[in-house]
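Visitor: Handing you this structure, nothing more for now.
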Amino acid sequence: MTTDITPAAVDAAPDGQPKRKWIGRSMKRVEDPRLLTGRGGFIADQKIPGLLHAAIYRSPVPHGRIVSIDATAALAIPGVVAVVTGEDCKAKMNPCMNFGPTTIPQYPLAVDKVRYVGEAVVAVIAESRYLAEDGVDALKVEFEELPPVVDPMKALQEDAALLHEEHGSNLAYERTFTFGEVDDAFAQADLVVSDTLHWGRSAGMPLETTGAIARPGLNGVLEIFCNSMNFSYFVWLIATALNVPSNRVTISPVPAGGSFGSKFTAHKVPTLAGFLALQVNRPVSYIEDRFDHIMNSDHHASDRYYDAKLAVTSDGILLGLDIDVVDDYGAYLQFGVGTHGNALSQGVGPYRIKNLRYGLRAVLTNKCQQGAYRGFGSEVQNWVLERLIDQAAERLGMAPEEIRRKNFIQPDEFPYKIPGGNLYDSGDYPAVLDKALSMIDLEHWRKEQKRLREEEGRYIGIGLATTQERSVFSSTEFWYWFDEPAFPITSSPESATITVDPAGEFQVLLHSQAMWGNSPETVAAMVVAEEFGVDPSTVNIRYADSAHALPGTGPGGSRFTVMVTGAIRGAAKKLQKKIIEIAAHTLEVPPEDMEITDGRVQVKGAPELGQSLAEVALTAYFFALNLPPGMTSGLEEAYTYDHPLTTLPSPDRSDLGIFYPIMGHNCHIAVMEVDPETGMTTWLDYVAVHDAGTIVNPITLGGHVTGGTAQGVGTAQLEELVYDSDGQFKSSSFWEYLVPSATEVPPMKLGHVETPSPYTEFGIKGGGEGGRMATPAVISAAIDDALREYGMRVRNLPVRPADIVAAVQAARQEQKAD
Amino acid sequence: MTTQAHMGADPTVQRVITARINGRDVTRAVDTRTTLADWLRDELDLVSVHLGCEHGVCGACTVLLDGQSVRACLLLAVQADGHDVETVESLSGDPNDLHPIQQAFHEEHGLQCGFCTPAMVLRTKEILEERRERTDEEVRQEISGILCRCTGYQNIVNAVQCAARKLYAGSPAPIASGTGTGGSTDPHPGA
Ligand code: FES
Ligand code: FES
């Protein structure tokens, strides 16, 4: 190791045992009561005087030139205020923020061309949403259709129509990284397993869509209220798009009804609302309806075609991994290829694979653009790797747990640098596997599997996966793909401000996003409680708007709990120092003799000698002449916590640096019954054990595991955003896009292992992406296992009942022919 | 919100309706095309009625119409004329004073973003008024008409069972796990 990776955070008493009162306790969320009474304060709940509403005319064709837009009839409808088109955007704004090539610009309304079914073409602004939709119905829009580009392989052919003429090709990006001696590894291998795999397009699909209200406010400031995440990271980019000075736009965060990546840096909606408000100089609301969200959101998710190979020795040692992936990014490359940075952060999984090749082609097609979804592209890599390992185990006659255990990075090998350069901070993979195996009787199920097959003709399958859950990204993963990146950003901070008010009560200000479904307020209250010995229920949490926000990056890549804890703890340390100095000065004792316990500041060993925080606060606010010399009034401290462990990529990219080091891990085991006649599956058992380092709140971490697992079930078996061969979109509502209901999701047994991170405050690791990291792999494995006699191999997700039936029938035909 | 009647081909014809909303009679003129969900949200400020799809699949807009769960996005406001409508505010609209079902969701972490939650709470009320005992599997069936994208349902199932114990605390426990954990003694809240 050349990098300094000395652990930064130490949090243990001299005997090595962590001393904590709140961290680690199951605590009911402080966010709940308002949500339970229907007062979540979501974007659609906001009422603003004089508010106008926008509705969108969406492209009915996959690819075409906009010939004409006739708004006469729409504008004649009483209550319709304005009609805004891409021509207005072209004339008055800049392209939207973009982390991909500048030759692939995007506007919130299509300019000149439409590039997918559902792309926004015209906005109608009216006094109500009903009237706005009447206006949309009355529009006459003419297109000159162009050949649709649907299949990403065909998109790369010479004669394919171009999505973006200026870019000159439908290949948006291409690169191959080779780490280690990949060819040698494959030459030495006793066995090479390979597969062609397709991970189908799904999306975070929260129950609440993305929405924004923009209001031209006082002093020429455009105020935007929206449920998009990490606004303090990108508000200046929205201002740039809108051609407004950055100090004349503020974003106020509004709680989100779920995101799962879909609202991560979601900019189209706030940008459009802002633009529309500026056109009519009145407040305008644009809230996606479900059609808008499914067809035209910022974030569909990975849609990848793999040629993948794994080199293995005859005794099951994994030598090398060779990945060739084509990713169907859709019509724009707005967020660059960071989804593959995520894949590379844990490219070799929990295994000691020394050699890795990763070839990526990002392709443009006539589909909605791709972005983030829980796992951010790393969950796809997990699935591919686990698919190959299952195949290797089968070929070598090894049990799935056996081949994995044999290849695990061992607990004493951390910190561990993987091929590519990322570092795994810590882990105990055998312990996680052992814990999972202890929670399910595999021997029993294997016997049952045999017995039920023989005696009752039933098909039982067992799937097991051991996968990584990287957390706490560093921004380098978005640009190390390029030799000369335009904006080689290295910051991904999070901030917090703690105030003790004159009455001694705690306020915490968070700086990057309002609540979005997990528990930023509960976490913040618990950390403050831990640091000051107060009851967490007494701590009040607020959210800054962008005009007041300190640096923040928001939720994403399971970073928020780790980062916000670092920020709060940093602010707490500063505040504790000031509190102690004031009390010490008042009581005329040396500050180093004092400590803060149970909401009091007191002399160590003499607790009767001290002051309440309220007493200190009164002094701080109102008795400046009683403060230590040089100290100023007030009791508030802010802290910005930077990424705890990141390094730069090497200039030649032979080493990508440390960019995602806080490494969680999990083991899922599923037992399923598969009916080969109908393709239907039934759950018999499900175990999920996660290691997210030190657990802050067991009950909410469990919620991420179960919630993520449900989404993994959706990705693996139900959900798909389908474009047919003509580029028409076939899943524009919940009638076609099947979100799992309670009966499709298994009851789960949850277990936890805690391997604290040596690099974060309290040793916390991120756990927000939960079950989705592993579930598609265990479902695929269980279905294969159940139908092994038919040579079943899941290669395409989602695997639907019809796919299973077709595979079984094909196998039976073949068996008959033999 | 505009409610002015337009001339000619305009679809916004109005009718005056009276409905019992969370226990109070409300009489209003409504556009005939206004959905029940939009009317409750926009005119009566009952924003707990969430809109997840507006095509009848997700169930986030669930309200109780004469005690039965319905999808408010699929009904017109005029169809509520002469009927009784309950939203989650009828249990409690006060975050400091939760109804036992709401408490159960709080204790069992039966919500994350809270978008499906009012619907889930109302559905829980409906099925628990019918009867107390259900296996977890039966609870899953009963709530399967409402989608939750966050929780994976496990804790919602637990919350329903916990609510059953709370609501029927004091009545003989028919199943082994059915020991009451305190809370209200009122088995028919909001009735
Ligand atoms: S909003 Fe009514 S069912 Fe989805
Ligand atoms: S809690 Fe978010 S949809 Fe159920």
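The values are calculated or read from the model by the stated rules, or taken from the named source; none is laboratory data. Bear in mind that the values here come from a model prediction, so they are computed numbers and not experimental data. When we count neighbours, we look across all protein chains shown, and the Cβ atoms used for this are built from the backbone with ideal geometry, even at glycine. Side chains included, ligands, DNA and RNA excluded: accessible areas come from the protein's heavy atoms. Shrake-Rupley method; radii C 1.70, N 1.55, O 1.52, S 1.80 Å.
Visitor: Select the strands (runs of 3 or more DSSP E) contained entirely in segment A:249-334, then report the ones holding at least 1 residues which are on the phi > 0 side of the Ramachandran plot and at pLDDT 95 or above.
Guide: A:318-330
Visitor: What number goes with the only condition from (1) open to solvent by 20 Å² or more (accessible area, probe 1.4 Å); (2) within 22 Å of the chain's Cα centre (by Cα) that A:Glu505 does not pass?
Guide: Unmet condition: (2).
Visitor: I would also like to ask the following. What's the number of the condition A:Glu720 fails, among (1) crowded, with 24+ Cβ neighbours inside 10 Å; (2) more than 29 Å from A:Ala431 (Cα to Cα)?
Guide: Only one criterion in (1) crowded, with 24+ Cβ neighbours inside 10 Å; (2) more than 29 Å from A:Ala431 (Cα to Cα) is unmet by A:Glu720, namely (1).
Visitor: Return the only residue of A:Ile699, A:Ile658, A:Ile662 being within 14 Å of chain B (Cβ to nearest Cβ) and in contact (Cβ under 8 Å) with a residue 60 or more places away in the chain.
Guide: Sole residue among the options that is within 14 Å of chain B (Cβ to nearest Cβ) and in contact (Cβ under 8 Å) with a residue 60 or more places away in the chain: A:Ile699.
Visitor: Considering only segment B:80-89, how many residues are within 14 Å of ligand 1 (Cβ to nearest atom) and assigned to a helix (DSSP H, G or I)?
Guide: 0
Visitor: Separate question: Could you tell me whether any residue of segment A:462-474 is open to solvent by 50 Å² or more (accessible area, probe 1.4 Å) and not assigned by TED's automatic domain parsing to the domain that holds A:Ser232?
Guide: no
Visitor: Another question, if that's okay. Any residue at all in segment A:777-797 that is under 23 Å from the mean Cα position of the chain (by Cα) and open to solvent by 10 Å² or more (accessible area, probe 1.4 Å)?
Guide: Yes, segment A:777-797 has at least one match.
Visitor: A further question on this structure: Yes or no: A:Thr678 touching a residue at least 40 places away in the same chain (Cβ under 8 Å), in contact with a helix residue (DSSP H, G or I) (Cβ under 7 Å, 6 or more places away or on another chain), within 27 Å of A:Ala811 (Cα to Cα) and among the polar types (S, T, N, Q)?
Guide: The answer is yes for A:Thr678.
Visitor: Still on this model: What are the residues in segment A:75-89 that are out of contact with any Phe, Trp or Tyr (no Cβ under 7 Å at 6 or more places or on another chain) and either assigned to a strand (DSSP E or B) or more than 14 Å from chain B (Cβ to nearest Cβ) (or both), if any?
Guide: A:Leu75, A:Val80, A:Val81, A:Ala82, A:Val83, A:Val84, A:Thr85, A:Glu87, A:Asp88
Visitor: Can you tell me which residue among A:Val705, A:Val739 is out of contact with any Ser or Thr (no Cβ under 7 Å at 6 or more places or on another chain), of a type in the set (A, V, I, L, M, F, W, C), within 13 Å of chain B (Cβ to nearest Cβ) and within 30 Å of A:Val61 (Cβ to Cβ)?
Guide: One residue alone meets the criteria, A:Val739.
Visitor: Something else now. For B:Leu51, all conditions in the list (1) more than 16 Å from ligand 2 (Cβ to nearest atom); (2) in a loop (DSSP other than H, G, I, E, B); (3) open to solvent by 30 Å² or more (accessible area, probe 1.4 Å) hold save one; what is the number of the exception?
Guide: (1)
Visitor: Follow-up question, since we're still on this one. Name the residue, out of B:Arg140, B:Arg123, B:Arg134, B:Arg149, that is surrounded by fewer than 24 Cβ atoms within 10 Å (Cβ to Cβ) and assigned to a loop (DSSP other than H, G, I, E, B).
Guide: Checking each option against the conditions leaves just B:Arg134.
Visitor: A further question follows. Would you call B:Glu137 among the acidic types (Asp, Glu) and touching a Gly at 6+ places or on another chain (Cβ under 9 Å)?
Guide: Judged against the criteria, B:Glu137 is not a match.
Visitor: Restricting attention to segment A:269-285, does a residue exist that is within 16 Å of ligand 2 (Cβ to nearest atom) and within 14 Å of chain B (Cβ to nearest Cβ)?
Guide: Within segment A:269-285, not a single residue is within 16 Å of ligand 2 (Cβ to nearest atom) and within 14 Å of chain B (Cβ to nearest Cβ).
Visitor: Just a yes or no: is a residue in segment B:65-77 away from ligand 1 (no atom under 16 Å from the Cβ) and either open to solvent by 10 Å² or more (accessible area, probe 1.4 Å) or touching a residue at least 60 places away in the same chain (Cβ under 8 Å) (or both)?
Guide: Within segment B:65-77, one or more residues are away from ligand 1 (no atom under 16 Å from the Cβ) and either open to solvent by 10 Å² or more (accessible area, probe 1.4 Å) or touching a residue at least 60 places away in the same chain (Cβ under 8 Å) (or both).
Visitor: From A:Gln813, A:Gln711, A:Gln728, which residue is open to solvent by less than 10 Å² (accessible area, probe 1.4 Å), among the polar types (S, T, N, Q) and farther than 27 Å from A:Met398 by Cβ?
Guide: Result: A:Gln711 is the single residue among A:Gln813, A:Gln711, A:Gln728 that is open to solvent by less than 10 Å² (accessible area, probe 1.4 Å), among the polar types (S, T, N, Q) and farther than 27 Å from A:Met398 by Cβ.
Visitor: Now for a different question. Inspect all residues belonging to segment B:110-121 and state whether any of them is within 14 Å of ligand 1 (Cβ to nearest atom), among the aromatic types (Phe, Trp, Tyr) and within 28 Å of A:Val30 (Cβ to Cβ).
Guide: Yes; the residues of segment B:110-121 include at least one that is within 14 Å of ligand 1 (Cβ to nearest atom), among the aromatic types (Phe, Trp, Tyr) and within 28 Å of A:Val30 (Cβ to Cβ).
Visitor: Please report, ordered by residue number, the helices (runs of 4 or more DSSP H) entirely within segment A:374-459 with at least 3 residues that are among the basic types (Lys, Arg).
Guide: A:400-407, A:442-456
Visitor: Here's something else I'd like to know. If A:Leu750 satisfies every condition in (1) in a loop (DSSP other than H, G, I, E, B); (2) open to solvent by 20 Å² or more (accessible area, probe 1.4 Å); (3) in contact with a strand residue (DSSP E or B) (Cβ under 8 Å, 6 or more places away or on another chain) but one, which is the exception?
Guide: With respect to (1) in a loop (DSSP other than H, G, I, E, B); (2) open to solvent by 20 Å² or more (accessible area, probe 1.4 Å); (3) in contact with a strand residue (DSSP E or B) (Cβ under 8 Å, 6 or more places away or on another chain), A:Leu750 is out only on (1).
Visitor: State which residue is farthest from ligand 1 (Cβ to nearest atom) when the search covers only segment B:20-58 and only residues that are within 9 Å of chain A (Cβ to nearest Cβ) and at positive phi.
Guide: Here the residue is B:Asp45.
Visitor: Hey, can you tell me all the residues within segment B:61-79 that are more than 14 Å from chain A (Cβ to nearest Cβ) and in a helix (DSSP H, G or I)?
Guide: Of everything in segment B:61-79, those that are more than 14 Å from chain A (Cβ to nearest Cβ) and in a helix (DSSP H, G or I) turn out to be B:Val78, B:Gln79.
Visitor: On the basis of being in a loop (DSSP other than H, G, I, E, B) and either under 25 Å from A:Asn540 (Cα atoms) or among the hydroxyl-bearing types (Ser, Thr, Tyr) (or both), does A:Ala496 make the cut?
Guide: Judged against the criteria, A:Ala496 is not a match.
Visitor: Hey, another quick one. Tell me whether segment A:27-35 contains one or more residues that are assigned to a loop (DSSP other than H, G, I, E, B) and under 30 Å from B:Glu54 (Cβ atoms).
Guide: Taking every residue of segment A:27-35 in turn, at least one turns out to be assigned to a loop (DSSP other than H, G, I, E, B) and under 30 Å from B:Glu54 (Cβ atoms).
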